[in-house]
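Peer 1: Handing you this structure, nothing more for now.
The values are calculated or read from the model by the stated rules, or taken from the named source; none is laboratory data. Given the structure is predicted, the values throughout are model-derived calculations rather than measurements. Don't worry about glycine lacking a Cβ; one is built from the backbone with ideal geometry, like all the others, and counts go over all protein chains shown.
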Amino acid sequence: MKVFVCIKQVPDTETKIKLKPDQSGVDFTGVKWVMNPYDEFAVEEAIKLREGGKATGVVVFSVGPKARVVESLRTALAMGADDAVVIDAPEDLDSSVVAKALAGAIKAEGEFRYILTGKLAIDDNASAVSQMIAEYLNIPQATVVSKLEIGDTSATAEREVEGGTREILELKGPAVIAANKGLNMPRYASLPGIMKAKKKVIKELTLDAVGASAADVRVKYKGFQMPAEKPAVKMLGGDAAAQAHELATLLRNEAKVI
């Protein structure tokens, strides 16, 4: 069966974020968009499964303004994915609606073995869509996965938990698996792959076609503001004893943490 991958297009990490004059949202003028870095691990793992004979094909899905989002889908195609699907949607959907749209598109696409995603998107850090997809599809899920082994009927996922320890789960397929850094090393798209991806037809869907709607949004942002400027660094002078005394005084009287 096929492996499906859900990706998101996000601003490049080097992009300087600006707010709209009325602080109603982010001004995306001049922003460079890229595939979410954690989703690259998911795409790579799916391609490896196909190359290893454990999947018959790789289909990549994404939700967002189709004129922009198709660029990241073509990046996945250039890496080696077989097909791509874009669900045309506004920029400001919440995680639940995105997951609902992806789940609807996945159901329409047909049978699959596993769904791979990144553990989170670096723009909103919500870390919620993969779990919600599993809920909509009523299948098991594991997130923050840094090692994955696929068997005939189940998958063994090793995931990071707090304190530096690791947890090992066995999931019966189909299941959703959210990739973490360390799962693999994503390949670079080859020139032949890039040329081939440019000619690929990307399937286009609407929110209505996959059973979702912008009216389903429950979480709305009312305003944005940039973080406050950090105060200048205060350097302490004198010998070690004088520095320790001054530091303790500052922590007590200024920072008020002791």
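Peer 1: Could you say which residue among Ile177, Ile202 is among the β-branched types (Val, Ile, Thr), in contact with a helix residue (DSSP H, G or I) (Cβ under 6 Å, 6 or more places away or on another chain), in the same structural domain as Thr13 (by TED's automatic domain parsing) and touching a residue at least 12 places away in the same chain (Cβ under 8 Å)?
Peer 2: Being among the β-branched types (Val, Ile, Thr), in contact with a helix residue (DSSP H, G or I) (Cβ under 6 Å, 6 or more places away or on another chain), in the same structural domain as Thr13 (by TED's automatic domain parsing) and touching a residue at least 12 places away in the same chain (Cβ under 8 Å) holds for just one of Ile177, Ile202, which is Ile202.
Peer 1: Could you check region 49-71 and list, in sequence order, the residues that are buried (at least 17 other Cβ atoms within 10 Å of the Cβ), of a type in the set (Gly, Ala, Ser) and at pLDDT below 95?
Peer 2: Result: Ala55, Gly64.
Peer 1: Suppose the filter is of a type in the set (Asp, Glu), more than 16 Å from the chain's Cα centre (by Cα) and more than 29 Å from Asp216 (Cα to Cα); does Asp88 pass it?
Peer 2: No.
Peer 1: Tell me whether region 102-117 contains one or more residues that are surrounded by fewer than 23 Cβ atoms within 10 Å (Cβ to Cβ) and within 23 Å of Ala189 (Cα to Cα).
Peer 2: no
Peer 1: Please go through region 196-212 and pick out each residue that is under 18 Å from Pro65 (Cα atoms) and of a type outside the set (A, V, I, L, M).
Peer 2: Correct list: Lys203, Glu204, Thr206, Asp208, Gly211.
Peer 1: Another question about this same structure. Take region 145-179 and flag every residue that is surrounded by fewer than 19 Cβ atoms within 10 Å (Cβ to Cβ), in a loop (DSSP other than H, G, I, E, B) and either within 21 Å of the chain's Cα centre (by Cα) or acidic (Asp, Glu) (or both).
Peer 2: Asp152, Val161
Peer 1: Can you find, within region 142-167, the residue that is nearest to Leu120 (Cα to Cα) among those that are at pLDDT below 90 and among the β-branched types (Val, Ile, Thr)?
Peer 2: If we take residues in region 142-167 being at pLDDT below 90 and among the β-branched types (Val, Ile, Thr), then Val161 is nearest to Leu120 (Cα to Cα).
Peer 1: I would also like to ask the following. Sort out which residues of region 222-248 are surrounded by fewer than 11 Cβ atoms within 10 Å (Cβ to Cβ) and of a type outside the set (Gly, Ala, Ser), and write them in order of number.
Peer 2: Lys222, Gln225, Met226, Pro227, Glu229, Lys230, Pro231, Val233, Lys234, Met235, Asp239 - these are the residues of region 222-248 that are surrounded by fewer than 11 Cβ atoms within 10 Å (Cβ to Cβ) and of a type outside the set (Gly, Ala, Ser).
Peer 1: Would you call Lys54 more than 21 Å from Met1 (Cα to Cα) and basic (Lys, Arg)?
Peer 2: So Lys54 does not fit the description; no.
Peer 1: If you don't mind, there's one more thing I want to ask. Restricting to region 217-257, what's the tally of residues that are farther than 25 Å from Lys20 by Cα and charged (D, E, K, R)?
Peer 2: The number of residues fulfilling the criteria is 6.
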